[in-house]
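What follows is one structure encoded as structure tokens, with my remarks underneath.
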Amino acid sequence: MLSNITNENNRCLQCKNPFCEDGCPVDTPIKEVIGLLKENKIKQAGEMLFENNPLSVITGLICPHEDFCEGHCILNRKGNPIQFGSIEHYVSNYYLKNLSFDIKADPNKKVGIIGSGPAGLTMAIILAKKGYDITIFEAHEKIGGVLRHGIPEFRLPNDILDRYHELLINMGVKIRPNTVVGPVLSIDDLFRDGYKSIFVATGTWKPRKLNIKGESLGNVYYAIDYLRSPLTHNLGEKVCIIGGGNVALDSARTALRNGAKDVKIFYRRSEEEMPSSENEIKYAKFDGVKFEFNKTPKEIKDNCVYFADTENILNEDGKPELKTIEDSGYCYEADSTIVSISQGPKTNIVDSAKDIKLNRLGLVIIDSTGKTTREGVFASGDVVTGAKTVVEAVAAAKLAAKTIEDYIEEKYNL
């Protein structure tokens, strides 16, 4: 691996105007990092990555680089961009193993962070480094959110998240596991107990339904629930997966690693229209996942799923529209079915805090800086945007962190 990292580093042209940086949602200083590595300054390169993106060791592994930095690399025009993701992960992993802090938290600057996924972790690290007294409220027993419970370990090893747990403790961050804010503790309780601001980063854990007959059968599962604990599910040998995003692909590859022999993904549009990463599609095919396109589910039965064919047409307004072809399709025999057509946020918090407004999709409404409709409460990540990439959640959390700092400084003179 080190040889590959060295080769990729040496291939970098050190462009005067690095397009790769323009393509990164979190503005990673790619040219500067590679320049430091060329001078054998890996610690400085690691520090630069961490200061810009506290989750760089994670984004180096799972970011869709072909859409961002690598997709914008000048060498991509010839089909072989610099594989910066590999460089980023290697350097960040090296740096994180030797990272520690000596921080004294100010008890007058309490901030509550609800959720420890990408946005929550980013916020906690940024503010803790600046002396804020941070408490994370995590619904599960371990931190990580979607990073731990929504991304398979073969893509993101849990020991990386365990290392972040140790880092947070070292920074003086308090973690309350198995704590769902809303049903028992409320936003009001947190403000009563001295928290100066609250950051909501609860992600999207509520699966969206197909709303077709058979969805409640005992061999039908939702992808976000399956990925949380795949070993507790008995899928059988033949698995049908409905959906076309990265979560559908993760579910398919996980099923094959846990005993399924035949896994097929059904997507209602063409392969070119799949919302998942191009690389992830390639990896899924390499693992043996099969695909059927232009198929939409109509009914789930005990031993099969009935699909109808679809096609793209132009409607009366001349706009493209997906149409189901009547009297078409077939029943695909399967031992179990996994539904993966996106997720939405749960409403635990807003049910007990009516002044936090949601949009029609149930996502938290914020302004351009991360402020919600309730004073002192901020939000970012998937609970605001719907399911996005980790690096986009990091970028949004960085912006919200600056907003929280400004708010506390102005309101409390701290």
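The values are calculated or read from the model by the stated rules, or taken from the named source; none is laboratory data. The structure displayed is predicted, hence computed values, not measured ones. Here the Cβ is made from the backbone with ideal geometry for all residues, glycine too, and neighbour counts use every protein chain on show.
Some points to look at:
- Condition met for ASN219 (closer than 21 Å to LYS295 by Cα, surrounded by fewer than 23 Cβ atoms within 10 Å (Cβ to Cβ) and without any contact (Cβ under 8 Å) to a residue 40 or more places away in the chain): no
- Any chance GLU272 is of a type in the set (Asp, Glu) and assigned to a strand (DSSP E or B): no
- Hey, GLY244 on the phi > 0 side of the Ramachandran plot and not basic (Lys, Arg) or not: no
- Any hit, segment 258-269, residues being crowded, with 17+ Cβ neighbours inside 10 Å, within 22 Å of the chain's Cα centre (by Cα) and at pLDDT 95 or above: yes
- Selected residue [surrounded by 13 or more Cβ atoms within 10 Å (Cβ to Cβ), without any contact (Cβ under 8 Å) to a residue 40 or more places away in the chain and not assigned by TED's automatic domain parsing to the domain that holds PRO157] from ALA255, ALA284, ALA334: ALA284
- The residue list VAL350, VAL339 contains one member that is modelled with pLDDT under 95, surrounded by 20 or more Cβ atoms within 10 Å (Cβ to Cβ) and either in contact with a His (Cβ under 6 Å, 6 or more places away or on another chain) or of a type in the set (A, V, I, L, M) (or both), which is VAL350.
- Some residue of segment 92-107 being surrounded by 23 or more Cβ atoms within 10 Å (Cβ to Cβ) and either more than 30 Å from PHE378 (Cβ to Cβ) or of a type in the set (S, T, N, Q) (or both): yes
- Yes/no for GLY362 being in contact with a Pro (Cβ under 9 Å, 6 or more places away or on another chain) and modelled with pLDDT under 95: yes
- Residues that are touching a residue at least 60 places away in the same chain (Cβ under 8 Å) and in a loop (DSSP other than H, G, I, E, B), drawn from segment 348-361: SER352, ALA353, ILE356
- Selection status of ASP162, under 30 Å from LYS354 (Cβ atoms) and not assigned by TED's automatic domain parsing to the domain that holds ASP302: no
- Each residue in segment 197-216 was checked for being in a loop (DSSP other than H, G, I, E, B) and either crowded, with 23+ Cβ neighbours inside 10 Å or under 15 Å from the mean Cα position of the chain (by Cα) (or both), and 5 of them qualify.
- Filtered by the rule that a residue be more than 20 Å from the chain's Cα centre (by Cα) and part of a helix (DSSP H, G or I), segment 363-414 gives LYS402, THR403, ILE404, GLU405, ASP406, TYR407, ILE408, GLU409, GLU410, LYS411, TYR412.
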